[in-house]
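J.: There's a structure below that I have some questions on.
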Amino acid sequence: MNATNYYVIGLIVLMGSLGSLVSAFVGDNGWHLPMNDNGIFRPGYLGNMLVGALAALASWGMQKAATLIGTPAGTLSFSTADMANAIVIGFGGASWFKSQIEKVVLQRTAVVAAGKPSDPAAASQIATSTPMEALRAANNMKS
C-alpha cells in the first residue's frame, strides 16, 4: 500500500470525526471528556469521534472495495462525494452511539423513579428534561 492510500484513509477518518463533532452538540452529550456520571459511562466527544471515524471508514470501504494489500494494490481516490459521505456517516454513527447511551440513561431513570413514591413535580421535570437531567431528578425524588 502506497503513501497516497494512507493519506486517503486518513482523510476519511478525519471527515468522519468532524461529522461526529457536530453530533456531540446535539442532545445531552455535549463537549466533555469520557466520564462516569451516576453510574453511566458517557463517552464524550472523543468516543463520538472514534465511532464516527470508524463508521465513515466502514462506509467508504464498502463503497470503494479496493485491494489494499497484495497484488495488485492500486491507488485509492478521494472525491468530494467521499468527503460529504464521510461527514454524514460520521454524524449518523455518532448520533446512533449517543442515542444508545441516552437509552441506558432513560432506562435507569425509569427504574429509579418507579422505585420511589409518586411526585408530580419530579414527574413534570423528568418529562421535560434531557436524559441526564431526568436521571438526576429521579435520583433527587423523596423516598
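J.: One residue is enough: does the range 61-71 have a residue meeting the conditions under 21 Å from Asn2 (Cα atoms), in contact with a Ser or Thr (Cβ under 6 Å, 6 or more places away or on another chain) and hydroxyl-bearing (Ser, Thr, Tyr)?
T.: Our first condition is that a residue be under 21 Å from Asn2 (Cα atoms); within the range 61-71, this holds for 61-71.
Subset that is in contact with a Ser or Thr (Cβ under 6 Å, 6 or more places away or on another chain): none.
Checking the range 61-71: not a single residue is under 21 Å from Asn2 (Cα atoms), in contact with a Ser or Thr (Cβ under 6 Å, 6 or more places away or on another chain) and hydroxyl-bearing (Ser, Thr, Tyr).
J.: Is there a residue being modelled with pLDDT of 90 or more, assigned to a helix (DSSP H, G or I) and surrounded by fewer than 18 Cβ atoms within 10 Å (Cβ to Cβ) anywhere in the range 39-49?
T.: yes
J.: Could you list, in sequence order, the residues of the range 96-143 that are part of a loop (DSSP other than H, G, I, E, B) and surrounded by 12 or more Cβ atoms within 10 Å (Cβ to Cβ)?
T.: Passing the criteria: Lys116, Asp119, Ser129, Thr130, Asn140, Met141.
The values are calculated or read from the model by the stated rules, or taken from the named source; none is laboratory data. Since the structure is predicted, the reported quantities are computational estimates derived from the model, not experimental observations. Heads up, the Cβs are rebuilt from the backbone with ideal geometry, glycines too, and the neighbour counts pull from every protein chain shown.
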